[in-house]
Each structure stands twice: as C-alpha cells, then as structure tokens.
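Colleague: Here it is: the structure, laid out below.
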Amino acid sequence: MRTRFQLGVLVLSVAALAACRQDMHDQPKFIPLRPSTFFSDGRSARPIIEGTVARGHLDEDTAYYTGKDANGKLVAEFPFAVTKEILLRGQNRFNIYCTPCHDYTGSGNGMVVQRGFRHPPSYHIDRLRNAPAGHFFDVITNGLGAMQDYSMQLTPEDRWAVAAYIRALQYSQEASINDVPAAERAQLGQGAAK
Amino acid sequence: MSQIFHHTANYIAKMSLVLLAALLLFAGWVMDRGSRSDFVTRAEMVREQPVPFSHAHHVGGMGLDCRYCHTSVEKSSFANIPPTKICMNCHSQIWLTSPTLEPVRASFRDNTSIRWTRVHDLPDFVYFNHSIHVAKGVGCETCHGRVDKMALTWQQNSLQMEWCLNCHRNPERYVRPREFITTMGYQPAGDQEEIGRKLVAEYHIQNPRTLTSCNTCHR
C-alpha cells in the first residue's frame, strides 16, 4: 500500500514538472509577432491609428521632417550642418538600403536592377545634380515611381544623412585633380600600385 | 528440504547488480546526449514556410545586407520579420507572375499577415535583446551561421543555455569589429583572441561575472 502511494506521488510530480516546463517555455504573453486569436486579423499588436503623434514627436520643424518649407517648396539646402559623422552614417545607411538598386556609386546599376527592376536615373545627371537637397529627403520619405518609400527603414535623421551622402557621391563623380590638395596629390594612385 | 536455487544463482544475482549500474549509467549517457541532440534542440532542421524563402539567393546571390529586411535589429530586442511591403520593394516588378510568390502578393493585396513559421524560438523565460549584441560586436553569423548559404532557413545552433554561456564567459573569442556585423564568412585580421580582447575593452563589454549572472538573461 505504502509503495503504491509513493509511486503515485512520483508519477504525479513528474507529470507536474513536465507540464510546468512547457508553461514556462510558452507563457501566455505576447512577444513581438506572436499571433493572437483575439483579434480578427490574427495579430497580437494593433496597428497605429493614422495621425497618431508619439510623445516627443510633434515634429513641428516642417523643413526638417518633410524636406519642404511652409509653402510646400522643397528646401534647397540641408537644414543642419553636414559633418563627417553624418556623411559616414549616410554612407552606412546608403550601402544597406539604396545600393541594391542604385549601386555603390549611384549610377543605378544595382543587383536588383540587373535582375530586371526598372532602371532608376543615375544621380550624375544634371537634373539631379541641380535638385534641391529636400528632393532626396522627399523621395526617401514618400517614394517615387517604382521606388517604394523608405520611411519605415530610415528615420528622418538617417534620411537626411543619406541625402547628404548622395550629394557627396555626386561631387565624387565630378571631382578633378585640382580638388585634391597639392600636398596630397602624390598619394593618388599609390593604393593601386601596392 | 532441497535448495530452490542452484548455487550459480549467486553469480547471476551479483552480475545483475553490475548490469543494473551499467544500465543506469547508459541511460544517463543517453539522456545527456539526447538533450543536446539536434532532434531535441531542433537545430539544423528546416522548418516549412508558406513561401520557400531562400537566404542563399537574397544574401549570398544578391548581396543584400541583413538589415535591408531585418530593419529593427540595431534598435530593438527583436530582429523583425520584414513586413510584406519590404518584399514588394523588389517583387512589385521582379518575379511578378511567379506562383511561388502568390502568398506574398495576396498578403500585400488584402493587408493580411503571412504566417511564417518561427525558426528561432527561445523559451519565454529568457530575456534576449538583439540590439545590444549587435552593438557590442556579435556578428549575425556568430549565432545564425552562414545564412548566405541556407537555401531554406534553419537554426544553426542549439540555443541552449550552455551554448549562450560559451560566449558570455569568453566574449573575446567571438566578438568582431562593428563594421563587419553582417559580414558572412568573416575572417579576423590576425589573432581572434587578441583582437577580441581589444574590442571587449573598446566596446565596454561587461566582465564574465556580470555576463553570467542569472538575471542578465532571466529577469
């Protein structure tokens, strides 16, 4: 009788432990993208209602957050001082999000274009060389032609950084030997010679 | 009264004790190996997906950066599964009529979610944050393996606690410079431990005592 009781306790505790393990592994809580049966669309997270303003994101500076001035005209200059850090950040983001189509030089022969996507205009045409700085910000924010918008992938800061880097790419393709300080001209070509 | 058992029964009785001990040891060994096996951890096991998405094609072939799709990996605990809109950045024009991609187009048309099967599923009692790992120089490849060679996606490592601790005890053996975070097939330029020790100092990676504290991961 006693052994049977002990066996029963053992079996029950093992069963309890096994069940406990599963409960702890899969807790009744929602982690990102875990589905839900509660809402009809099957998502546990609710989409943000249009027009929602997050705390601290009133974004009143229209020039900075839309690339356009109060009259809806694209701003010609960058609404901040472009520093080397911003350009490097822009290069980093450009290489992730833009190069698949625009390629690393901005001529528009990226891998996805080579596989059949519509060829975007090169950055090195007069229309885009003369385009206001706000143009690039606006295209990243709202998309243009075949290009979807990248507002989800790039914050306004990053969009401006990418726009600044595009400007740098444009200058890089027009540079001449006279743009290089005389003292550093000797270094040119040495990397290739190594 | 004659004896019930033959005298050799003594040996059998003694041997059965030895055998029982051996059997218990063997059972222990099987459980130990078994709990670490790919069968239990589900490592290297391809999960079926609604669309047979190939990282080998997108990363290895096209050269997309991991962050092109997994946009939140640097900012959030979660390296998001890309929304259908990101698929449609390219597939609005490429492979337009492919029946394989019909679930993607349907998802975009109807604003419904594609129900991908989760490949890396940590237990809910583990606190894991992608952004801190990326910021401290743990490359994607270090945990996820050569994703650029996976035609269908599988989990490369066991994701068991002892596996996490390998790195939490000796981060210098695994970290890499931040600019190579998404690089696949990364080779350290020199001795890994030497570079690693420098990076541990530069990135202010905490000491193993803190990194292996229970509440670093279980909070």
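Colleague: If amide H atoms are built 1.01 Å from N in the plane of the peptide, which residues on other chains or at least 5 residues away come under 5 Å of the amide H of B:Thr71?
Modeller: HN-HN under 5 Å from B:Thr71: B:Asn80.
Colleague: Let me ask you something else. Across the residues of B:121-128, average count of Cβ atoms on other protein chains within 10 Å?
Modeller: 3
Colleague: Let me ask another. Taking all protein chains as present, what is the carbon and sulfur share of the accessible area of the protein assembly as shown, in % to the nearest whole number, probe 1.4 Å?
Modeller: So the carbon and sulfur contribution to the accessible surface is 60 percent.
Colleague: Let me ask something else. Taking a probe of 1.4 angstrom, what is the accessible area of B:Phe180 in Å², to the nearest 10?
Modeller: 80
Colleague: Right, another one. By per-residue mean of other Cβ atoms within 10 Å, what is the highest-first order of B:11-21, B:202-212? Don't skip to the end; give the middle numbers.
Modeller: On the way: B:11-21: 10.0, B:202-212: 13.0.
Taking the mean over residues of other Cβ atoms within 10 Å, the ranking is B:202-212, B:11-21.
Colleague: Pop the C-beta distance of B:Ala56 and B:Leu20 into the FRET formula with R0 = 45 Å and round what comes out to the nearest 0.05. Please list the in-between numbers first.
Modeller: Values: r = 51 Å, r/R0 = 1.13.
Efficiency, rounded to the nearest 0.05: 0.35.
Colleague: 222 nm [θ] for the protein assembly as shown, helices only, -39500 (n - 2.57) per DSSP H run of 4+, per residue, to 500?
Modeller: -12500 deg cm²/dmol
Colleague: Separate question: Please give the net charge around A:Gly42, taking every other residue with its beta carbon less than 11 angstrom from that of A:Gly42, where Lys and Arg add +1 and Asp and Glu add -1.
Modeller: Summing Lys and Arg as +1 and Asp and Glu as -1 gives +2.
Colleague: Averaged over peptide A:36-43, how many Cβ atoms belonging to another chain are found within 10 Å of each residue's Cβ? Can you show the working numbers first?
Modeller: Details: counts 0, 0, 0, 0, 0, 4, 3, 2.
Rounded to a whole number, the mean comes out at 1.
Colleague: Sticking with this structure for a sec: Quote the relative contact order of chain B in percent (integer), defining contacts as alpha-carbon pairs under 8 Å separated by 6+ residues.
Modeller: Value for chain B: 24 percent.
Colleague: Here's another thing I want to ask about it. Report the dimensions of the range B:130-210 along its three principal axes from the alpha-carbon atoms, largest first, rounded to Å.
Modeller: 37, 29, 22
Colleague: Follow-up. If you count, for every residue in B:79-89, the Cβ atoms of partner chains within 10 Å of its Cβ, what is the mean?
Modeller: Partner Cβ neighbours, averaged per residue: 3.
Colleague: Here's another thing I want to ask about it. Once the mean 1/r over all distinct Cα pairs of the protein assembly as shown is inverted, what Kirkwood radius in angstroms do you read off?
Modeller: 26.3
Colleague: Can you run the Rg to Rh ratio on chain B? Use alpha carbon positions and the Kirkwood inverse-distance Rh.
Modeller: On the way: Rg = 25.0 Å, Rh = 21.1 Å.
Taking Rh as the inverse mean 1/r over Cα pairs, Rg/Rh reads 1.18.
Colleague: If one takes the accessible area of chain A alone plus chain B alone and subtracts that of the pair, with a 1.4 Å probe, what total in Å², rounded to the nearest 100, results?
Modeller: When A and B are taken together, about 2700 Å² of accessible area is lost.
Colleague: Can you list the trypsin sites (Lys or Arg not before Pro) in the range A:23-72 that are in a DSSP coil and have 15 or fewer other beta carbons within 10 angstrom?
Modeller: A:Lys29, A:Arg55
Colleague: At a Förster radius of 35 Å, what calculated FRET efficiency corresponds to the Cβ-Cβ distance of B:Cys214 and B:Gln192, to the nearest 0.05?
Modeller: That pair, B:Cys214 with B:Gln192, gives E of 0.80.
Colleague: Tell me, what is the FRET efficiency for A:Ala54 and A:Leu87 to the nearest 0.05, using R0 = 22 angstrom and their Cβ-Cβ distance as r?
Modeller: Between A:Ala54 and A:Leu87 the formula returns 0.20.
Colleague: Could you please report the charge total around B:Ser213, scoring K, R as +1 and D, E as -1 over all other residues with beta-carbon less than 15 angstrom from its beta-carbon?
Modeller: Taking every Cβ under 15 Å from that of B:Ser213, the sum is +3.
Colleague: Expressed as a rounded percentage, what relative contact order does the range A:62-184 have, with Cα pairs under 8 Å and six or more residues apart? Please report the intermediate quantities before stating the final value.
Modeller: Working: 142 pairs, mean separation 37.7, N = 123.
Worked out over the range A:62-184, it gives 31 percent.
Colleague: Can I ask one more? List, by residue number, every residue in the range B:92-119 with a reduction of 10 Å² or greater in accessible area between the chain on its own and the complete protein assembly, 1.4 Å probe.
Modeller: The answer is B:Ser92, B:Gln93, B:Ile94, B:Phe108, B:Asn111, B:Ser113, B:Arg115, B:Arg118 - residues whose exposure falls by at least 10 Å² when every protein chain is included.
Colleague: Can you work out the accessible area per residue across chain A, with the rest of the protein chains kept in place, probe 1.4 Å, in square angstrom?
Modeller: Working: 13060 Å² over 194 residues.
With the other protein chains kept in place, chain A gives 67 Å² per residue.
Colleague: Under 12 Å from the Cβ of B:His130, count the other residues' Cβ atoms, weight Lys and Arg +1, Asp and Glu -1, and hand me the total.
Modeller: Summing Lys/Arg as +1 and Asp/Glu as -1 gives +2.
Colleague: Above 29 Å lies some portion of the pair distances; for chain A, what is it as a whole percent of all C-alpha pairs?
Modeller: Of all Cα-Cα pairs in chain A, 50 percent lie more than 29 Å apart.
The values are calculated or read from the model by the stated rules, or taken from the named source; none is laboratory data. Being a predicted model, the structure only gives us computed values, none of them experimental. Positions of Cβ are generated from backbone atoms using ideal geometry, with glycine treated the same way; all protein chains shown enter the neighbour counts. All accessible areas refer to the heavy atoms of the entire protein, side chains included, with ligands and DNA or RNA removed. Shrake-Rupley method; radii C 1.70, N 1.55, O 1.52, S 1.80 Å.
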